[in-house]
1. Specify which residue in the list Ala122, Leu144, Ile467 is farthest towards the positive end of the charge dipole of the chain, using unit charges on the beta carbon of Lys, Arg (+1) and Asp, Glu (-1), about the Cα centre.
2. Among Pro217, Leu395, Thr383, flag the residue with its Cα farthest along the positive direction of the charge dipole of the range 214-400, charges on Cβ as +1 for Lys/Arg and -1 for Asp/Glu.
3. How large is the charge dipole for the chain, taken about the Cα centre, if only the Cβ atoms of Lys, Arg (+1) and Asp, Glu (-1) carry charge, to the nearest 20 debye?
4. Among all stretches of the chain without exposed GluC sites (Glu not before Pro) (DSSP loop, at most 11 other Cβ atoms within 10 Å), which one is longest?
5. Could you tell me which of Gly89, Ala51, Thr68 has its Cα farthest along the dipole of the range 48-95 towards the positive end, charges placed at Cβ (Lys, Arg +1; Asp, Glu -1), taken about the Cα centre?
6. So, in nm, how far is label Thr388 from label Ser248 when the simple model puts each one 7 Å beyond its Cα toward the Cβ?
7. Report, largest value first, the span of the C-alpha coordinates of the range 3-87 along each principal axis, in whole Å.
8. Which far-off residues, 5 or more places away or on another chain, put their amide H under 5 Å from the one on Thr438, with H placed in the peptide plane?
Amino acid sequence: MPHVITQSCCSDASCTYACPVNCIQPTPDDPDFLTAEMLCVDPTTCVDCGACVSACPVEAIKPERALTEAEIPFLEINRLYHVRRAQAGVVDRPLLARPPARLQVRASAPPPSVAVVGSGPAGLYAADEILTVPGARVTVFERLSEPYGLARFGVAPDHRRTRRISTQFAQIRRSRGLSFELGVDVGTDVTRDELLGRFDAVIYAVGAAADRPLTLPGADLLGVSSATRLVAFYNGHPDAGDATFDLSGPRAVVIGNGNVGLDVARILTTEPDRLAETDIAPAALAALAASELEEVIVTSRRGPEAAAFTLPELLGLASAPGVELCLDPDVDVAGTKLEWLERLPAAVRAGRRRVRLRFGLTPERFLAGPEGGPHLGAVVFSTPDGVTETVPARLALTSIGYRAVPVPGLPFDPESHTVPHAAGRVIDPTTGAPLPGTYVTGWIKRGPSGFLGTNRSDAQETVRSLIEDHNAGRLGGRQPGGSTGVPVAPNGDNRERAPMSAPVRSSRHA
């Protein structure tokens, strides 16, 4: 009886190293790894040893006998992934039964001291990788007063297993040689040059925090917002403390059907009593308890064959208790992710509130309500055959992707919204030469793609570049007596500090 990877897979890939028979694909050295929606166990070669279960940081792997009714489709999803790989002639790449070799510095070089800007998954995986070097020291700088970035403020509160990746980050946080500087905005409170005067290198892991804008007539109406802002609101992000959302109407519209779009649709339609058992922000729970929403319509310009959501996210929405997932009767789901909905029991898909998936709708403008004033009343769409459709709604959320913003002191590509780099080394686009001691990892490096755990292999590439440069003497060396005005904990002192002279708080409180 094989083990099965389910919808909370975060692509951390620790399971691939733990598996003694290489039955979990794709592995981090597979070209498909960065684009795969999840990892999958081959049931024909799984020996049911359970090593992957212990390695998984989010408890996404279960033996077949332990699957819930809603998780049964994942048995077939795992199997079909490997069948299709074989049919396509893809040969599973052999993988060492252990993670990549431990990093080493040359004997004549001191252990590196590195600043990491950003405490989300990309930053903490980079810190963890650097600290495999004996004696290395890392200081993580975070603009907010709490660490973990998207792992803390981006994962929906009802995705409890995915949120357990924070346990892994808490273990990293206790590492010897690691300290935190919380509430420090790099670029404002301290510059790159100042950090390079104190550290051997700086790794930027600042993510892609801005929404891609949807500039349509009426976009400034009250009631038009972004799904990202709603996510920040229900997760208690400090920047969203004053956010408000009008839930007084029977319908909300989400423009864009990626995973974030499905997330907010599920949260808006889930019974508040169920959300009360999660880590949802109290203000958001109160707002949802008073909500009069009956339906959330999730729209997409393209057809179901090009749906942006992942299959695990779709099945998670379909099995959300008390939520009915609806499709228009004329939608052809054959050969798409949506055909998996037909395999779910009817009872799983029933509910008092509805999420309706609509395809082939291009947003044209937002209309004010019939009562006049600056409040949203409807969203106007056009269909592929030129028909105009007006959907009444008092709340519209745009969810068409993320993009990074320029980082002070670094070059920036306005087309890709990333920092130019070569294997993580930041590159001066005018000369093609690396900027000494300056590196990137995560979304600011590769764009908003992949999952939480995908940042591990990305960070490994960047840190290996850094160590190569350190061993080759290309970092230039920090200035031992330099003063940046930024308090840095002594090597090996695992502490976190608020900015400047604020009291020190133990990093073990989380």
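Just so you know, all these numbers are worked out from the coordinates, no wet-lab data involved. Here the structure is a predicted model, which means the values were calculated and not measured. FYI the Cβ positions are ideal-geometry reconstructions off the backbone, even for glycines, and counts take in every protein chain you see.
1. Of Ala122, Leu144, Ile467, it is Ile467.
2. Positive-end residue among those listed: Thr383.
3. Details: 50 positive and 58 negative charges, 276 e Å.
It works out to roughly 1320 debye.
4. Details: sites that count: Glu277, Glu292, Glu371, Glu415.
Result for the longest clean stretch: 1-276.
5. Towards the positive end, the residue furthest out is Gly89.
6. 2.7
7. Cα extents, longest axis first: 32, 27, 22 Å.
8. Excluding prolines and chain starts, which carry no amide H, the hits are Val202, Val426.
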